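Undergrad: Following this message is one structure expressed as structure tokens.
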Amino acid sequence: MANDNNKKMTVEEAGRKGGEATSRNHDKEFYQEIGKKGGEATSENHDKEFYQEIGEKGGEARNNQNNN
């Protein structure tokens, strides 16, 4: 990691560090709540066709995985 004064932290390192801090500071319920909020926002912004399309993509990926 870039803790040397001459090097900047990469975006990847910053994300990892922030994710680890969030994980230490929050419990399962926190993640459940933000997941619920995200799902509600998605459903408000997308229609039935959106869910059909992502469902088809998920099915295709699963079928491809099983064929390997």
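Undergrad: Restricting the search to the stretch 5-42, which residues are surrounded by 10 or more Cβ atoms within 10 Å (Cβ to Cβ) and of a type in the set (V, I, T)?
TA: T10, T22, I34, T42
Undergrad: Any chance the stretch 3-21 includes a residue that's of a type in the set (G, A, S) and in contact with an Asp or Glu (Cβ under 7 Å, 6 or more places away or on another chain)?
TA: No: the stretch 3-21 contains no residue that is of a type in the set (G, A, S) and in contact with an Asp or Glu (Cβ under 7 Å, 6 or more places away or on another chain).
We did not get these values from a lab; they are worked out from the coordinates using the rules stated. The shown structure was predicted, so the numbers you read here are calculated from the model rather than taken from an experiment. Please note: Cβ atoms are built from the backbone with ideal geometry, for glycine as well, and neighbour counts cover all protein chains shown.
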